[in-house]
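The block underneath contains the structure these notes are about, expressed in structure tokens.
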Amino acid sequence: MSFSRDRIAEPWGTRTPYGPGRSWPQRVDQYLADGLDPGSVDRWVQSASILHSNGDALDIAVKDNEIVGVRGRGVDRVNRGRLGPKDLFGWQANASPDRLTRPLIRQNGELVETDWDTAMDRIVTRSRELLDEQGPSAIGFYTSGQLFLEEYYTLGVIAHGAIGTNHVDGNTRLCTATAAEALKESFGCDGQPGSYTDVDHADVIALFGHNVAETQTVLWARILDRLAGPNPPAIVCVDPRPTPVADHAAVHLAPLPGTNVALMNGLLHEIVANDWVDREWIDRHTVGFEELRTQLAPYTPEKVAVTCDVPADDLREAGRLLGTTDRLLSTVLQGFYQSHQATAAAVQVNNLHLIRGMLGKPGCGVLQMNGQPTAQNTRECGADGDLAGFRNWANDAHIAELAKLWNVETDKIPHYGPPTHAMQMFRYAEQGSLKMLWVSATNPAVSMPELARIRSILSQDRLFLVVQDIFRTETTELADVVLPAAAWGEKTGTFTNADRTVHLSDKAVDPPGQARPDLDIFLDYARRMDFRDKDGDPLPSWHDAASAFEAWKQCSAGRPCDYTGLSYDRLRGESGIQWPCTTEHPDGTERLYTDGRFFSTPDYCESYGKDLVTGAPLEPTEYRALNPDGRAIIKAAEYMRPHEEPGEDHPFALITGRTLYHFHTRTKTGRVPQLNAAAPQVWVEISPQDALQQGIMDGDVLAISSPRGILHAQARITGIRPGVLFIPFHYGYWDSNPTAAADHDRAANELTVTDWDPASKQPIFKTAAAAVTRVRAGDGPAPAPTATAAAPVGPGIAPTAGGSAAAVTETRPPIGEDDR
């Protein structure tokens, strides 16, 4: 049966209800360029989505060597054929007329086109100068959550093994560094314990700061199908905004921003006080429970209700649901990760599962979610500053393993202290000790906090800035050298989603002009720099994606993220496969810790943990004393007030976040007619009470200010809690005038604060103080998403082969055929 749906107006598609313990039915979504018959497609090329973290498997339609559409892969475990709006329409950005096709260099203050030899010679010359003058600490790399595994691993080997710099991080620092840190704190290592299939079994699904309906539309469709079927799960939602998740929740807790630790302590207090804990499991598999019990004692519902400004009865009801269910799935995302005490709050979600013994069983899992499609690979491969294969920088034996793999001296690999996180890298650049920064596939001039400061840093004459991207962005305009990169669909590689599912993305078409795959660019740099191992052989030793993947498999062998059972051939044709995948587990591993054994033994763990208040790393001897047997670690945390709170001059709490139709700084989604038309401009959400008090009507133009800057946006009056403002962070200046100071009033990060979580080092985007002033009346209510709105015309925004229609074909098997 086939249906046609407007998937801008109906982003989650039609329902395919199913009950607990059943397989999620297939529904194959397809979108092709206007008027194109599926039979006229020349070939379908296997891939997966690169515009969110869900990992939706799809096939790319190719005709006349151009991408002309996509269809979901019904065989895949992640999406069972479904695609979200960004999956369905986002491919059109590849053919945007303003793609970068030739390298650029700065001459006389202007960026001008050049050839690859000239551009790379500039980079190599400056690299050698800095290595001679200062050494490895002069050079830093800031990468993405959107490249492929093979590219991250290559970058990590170049940075850590060939150059020897400790200054390596990704923009994953901004979105899911706390996911990794929380997992290390509780389980000794990164790696999601749960699986998306836990949705199929759970009786309660708790979403902590995770607006899954907008960030992972296909996963939300899975939850909606459970809600539409027999014996649906109860939803617990923690979010200050009235999201679609909140609309479906049995309990919606909307705490004040910056109070997540207090809220979690209150929920855990209820569970412990009512003895809804699994003492036998706790005693056998964990350490730290008594410290937690002591810490929780003061966090009564009445006290927490005052701190968080939520009803005490709602806290009790949420505690009852979490404490009495037999199958609990919890997910966590930016509402916790980008807030005050981020790691401490996320760890308390882990604690919830540890004290209830709810890990490693169907429907019992925790997913510390990722925000980007390949964020997991950034962390696995060492491109986020950590060491490849989840190795421990403070464990000399782990350093020796890497040195042997790469055939370099152990002292070449930096391990004298913690890896340099992005916020510190930008500070070093500000101070002048970091003199070269290579940015790949990200746009910090819009995505980093306190943008006036970031622009100032990136504009310094003493900083040599290299930017590698597919479009000109706000960041490329500040660069000394710009390198044109191939996009998704124009290169081959693998990437891993938030539940450890590995997908292969094959090359479908050639990149435009002289654009090159990121892997080729990194390898070209290594060859021109003449990086060598101890035997004088090229470092890295591989030459293409397939050989890079084989090298990565060797690096991952025996580590938690073991890929040795995978190959490109294994990943072609069928479903993605979850790591670890080995000879012992040839079909992958659905859930971790099924036997109550963890990756946390002192000689094996990725991290010895940190102090959740100061961020100071624990010494190896401290960790051995705490956890000699490699159990899960229950870490308690005391609530502390945010550093910046609302006051007389700035009476609102400002939070930023995502919208369904855009990704990051809109460099791709802003060039897609359907997606850009659905959300063409920035807005600010304000509560009815606050709007009435300020004399604000829906659609009015407001000036939102913080101690750092000002932004103008249309008002949307919503059910957001009073005292809180929400602004989506996607909007920058590439489609206006990127250099005009007067135009710097669209980006939410003009307002955010330079501050970060002490443990994960993730910037805080959800506890800034702000003020609101009505500027003028609007032209009507702020526009709601619509499939028929005209897309604004600007640089790169033009109807492509897909036109502006949003009608998608959904195909479902006959009832019962696929419900097995």
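Name the trypsin sites (Lys or Arg not before Pro) in the stretch 547-653 that are in a loop by DSSP and that have at most 12 other C-beta atoms within 10 Å, would you?
Hits after loop and neighbour filter: R572.
Which of the three applies to the stretch 483-584, rounded, prolate or oblate, going by the alpha-carbon gyration tensor with a ≥ b ≥ c and a/c under 1.5 meaning rounded?
Oblate shape, in that a/c is at least 1.5 and b/c is the bigger or equal ratio.
Not counting ligands, DNA or RNA, and with a 1.4 Å probe, what is H503's accessible surface area in Å² rounded to the nearest 10?
10
In µm²/s, what is D for the stretch 233-291 at 37 °C and 0.692 mPa s, where D = kT/(6 pi eta Rh) by Stokes-Einstein and Rh is the Kirkwood radius from Cα pairs? Before the final figure, lay out each step's value.
Numbers: Rh = 13.5 Å.
Result for D is 242 µm²/s.
Can you give the extra length, in nm with one decimal, that the chain gains between A616 and R774 once fully stretched, where that is 0.36 nm per residue apart less the Cα-Cα distance?
Numbers: separation 158, 0.36 × 158 = 56.88 nm, distance 4.43 nm.
Separation in residues times 0.36 nm, less the Cα-Cα distance, equals 52.5 nm.
Along the Cα-to-Cβ line of D595, 7 Å from the Cα, sits a label point; which residues in the stretch 358-380 have backbone N less than 18 Å from it?
Once the point is set 7 Å along Cα→Cβ of D595, 359-362 turn out to lie under 18 Å by backbone N, inside the stretch 358-380.
Taking all protein chains as present, what is the carbon and sulfur share of the accessible area of the stretch 302-440, in % to the nearest whole number, probe 1.4 Å?
Heavy-atom surface of the stretch 302-440 belonging to carbon and sulfur, 1.4 Å probe: 47 percent.
Convert each backbone phi in the stretch 373-384 into a coupling constant with the Karplus relation 6.51 cos²θ - 1.76 cosθ + 1.60 (shift: θ = phi - 60°), then list the ³J(HN,Hα) values in order as whole Hz, x for Gly and Pro.
Each residue's phi maps through the Karplus curve to give x, 10, 4, 4, 6, 4, 6, 4, 8, x, 8, 9 Hz.
Using 0.36 nm times the number of residues separating D629 and D247, minus their current alpha carbon distance, what extension gain do you get?
Numbers: separation 382, 0.36 × 382 = 137.52 nm, distance 4.40 nm.
Difference between extended and current length: 133.1 nm.
My understanding is that a pair violates if its Cα-Cα distance is over 32 Å; which of K491/K766; K86/K412; K668/K761; K610/K766; K404/K668 do that in this structure? Intermediate results must be reported in sequence, preceding the final value.
Numbers: K491/K766 36 Å; K86/K412 42 Å; K668/K761 27 Å; K610/K766 23 Å; K404/K668 40 Å.
Where the Cα-Cα span goes over 32 Å, the pairs concerned are K491/K766; K86/K412; K404/K668.
Do any trypsin sites (Lys or Arg not before Pro) in the stretch 447-493 lie in a loop, going by DSSP, with at most 14 other beta-carbon atoms within 10 Å of their beta carbon, and if so which?
Those that pass, being in a loop and sparsely packed, are R462.
With charges set only on the Cβ (+1 for Lys and Arg, -1 for Asp and Glu), what does the dipole of the chain come to about its Cα centre, in debye to the nearest 20? Display every interim value, and only then the final one.
On the way: 76 positive and 107 negative charges, 139 e Å.
Dipole size: approximately 660 debye.
Please give the direction-averaged projected area of the C-alpha convex hull for the stretch 386-532, in square nanometres with one decimal. Please report the intermediate quantities before stating the final value.
On the way: hull surface 44.1 nm².
If I average the Cα hull's projected area over directions, I get 11.0 nm².
Among 231-242, 35-46, how do they line up by average Cβ neighbours within 10 Å per residue, starting with the highest?
Top to bottom by mean Cβ count within 10 Å: 231-242, 35-46.
At what distance in nm do the modelled label points of D314 and T809 sit from each other, each positioned 7 Å from its Cα along Cα→Cβ?
A separation of 4.5 nm, rounded to one decimal place.
W552: net charge of surrounding residues, Cβ under 10 Å, Lys/Arg +1, Asp/Glu -1, itself excluded?
Values: positive: K553; negative: E150, E380, E550.
Its environment carries a net charge of -2.
Can you give the net charge of the other residues whose Cβ lies under 14 Å from the Cβ of T809, counting K and R as +1 and D and E as -1?
Cβ neighbours under 14 Å give a net charge of -2.
Can you list the residues, at least 5 places off or on another chain, whose amide H is less than 5 Å from the amide H of T564, using H built in the peptide plane?
Those lying under 5 Å, H to H, from T564 are C581.
What percent do you get for the relative contact order of the stretch 419-518 when only Cα pairs under 8 Å and 6+ apart count?
Once normalised by length, the contact order is 21 percent.
With each pseudo-label sitting 7 Å past Cα toward Cβ, what's the A297-R572 distance in nm, one decimal?
About 6.4 nm, to one decimal.
If you roll a 1.4 Å probe over the stretch 30-107 with all protein chains in place, what percent of the accessible area is carbon or sulfur?
On the stretch 30-107, the fraction of accessible area on carbon and sulfur atoms equals 43 percent.
Accessible area per residue, 1.4 Å probe, Å², for the chain: what's the number?
Per residue, the chain has an accessible area of 32 Å².
Compare E10, E185 by solvent-accessible area with a 1.4 Å probe and give them largest first, with all protein chains kept in place.
Accessible-area ranking of E10, E185, largest first: E10, E185.
Grab the beta carbon distance between D326 and T754, set R0 = 41 Å, and tell me the FRET efficiency rounded to 0.05.
Working from the Cβ atoms, E equals 0.35.
So for the stretch 652-789, averaging the separation of alpha carbon pairs under 8 Å that are six or more residues apart and normalising by length, what relative contact order in percent results?
The value is 37 percent.
Given 0.36 nm per residue, what is the gain on full extension from Q694 to H712 after removing their alpha carbon distance, in nm? Display every interim value, and only then the final one.
Details: separation 18, 0.36 × 18 = 6.48 nm, distance 1.58 nm.
This chain segment gains 4.9 nm when fully extended.
Shape of the stretch 597-668 from its Cα gyration tensor (a ≥ b ≥ c, root eigenvalues): rounded if a/c is under 1.5, otherwise prolate when a/b > b/c, or oblate?
Cα axes put the stretch 597-668 in the oblate bin.
I'd like the accessible area for T811, computed on protein heavy atoms only with a 1.4 Å probe and all protein chains in place. Round to 10 Å², please.
Estimated to the nearest 10 Å², T811 gives 60 Å².
Distance in nm between label sites at R15 and V75, each 7 Å beyond Cα in the beta-carbon direction?
3.1
If I take R0 = 30 Å and measure r between the Cβ atoms of R427 and A703 in this structure, what FRET efficiency does the formula 1/(1 + (r/R0)^6) give, to the nearest 0.05? Please report the intermediate quantities before stating the final value.
Working: r = 30 Å, r/R0 = 0.99.
Once rounded, the FRET efficiency stands at 0.50.
Which whole-number percentage describes the relative contact order of the chain, with Cα contacts under 8 Å and a sequence gap of 6 or more? It would help to have the intermediate numbers written out before the result.
Working: 2013 pairs, mean separation 172.5, N = 820.
Averaging sequence separation for qualifying contacts and normalising by length gives 21 percent for the chain.
How much net charge surrounds A177 when only other residues with a Cβ under 15 Å from its Cβ are counted (Lys, Arg +1; Asp, Glu -1)?
-4
Assuming a ≥ b ≥ c are the square roots of the Cα gyration tensor eigenvalues, decide whether the chain counts as rounded (a/c under 1.5), prolate (otherwise, with a/b larger than b/c) or oblate. Intermediate results must be reported in sequence, preceding the final value.
Details: a/c = 1.20, a/b = 1.09, b/c = 1.10.
Rounded shape, in that the Cα axes give a/c under 1.5.
For a protection proxy built on the mean count of beta-carbon atoms within 10 angstrom, sort 87-99, 557-569, 344-356 highest first, please.
344-356, 87-99, 557-569
By what distance, in whole Å, do the Cα atoms of the stretch 652-789 stretch along each of the three principal axes, largest value first?
45, 37, 29
The values are calculated or read from the model by the stated rules, or taken from the named source; none is laboratory data. Since the structure is predicted, the reported quantities are computational estimates derived from the model, not experimental observations. Neighbour counts run over all protein chains shown; Cβ positions are idealised from the backbone, glycine included. Calculation scope for accessible area: heavy atoms of the full protein, side chains included, ligands and nucleic acids excluded. Shrake-Rupley method; radii C 1.70, N 1.55, O 1.52, S 1.80 Å.
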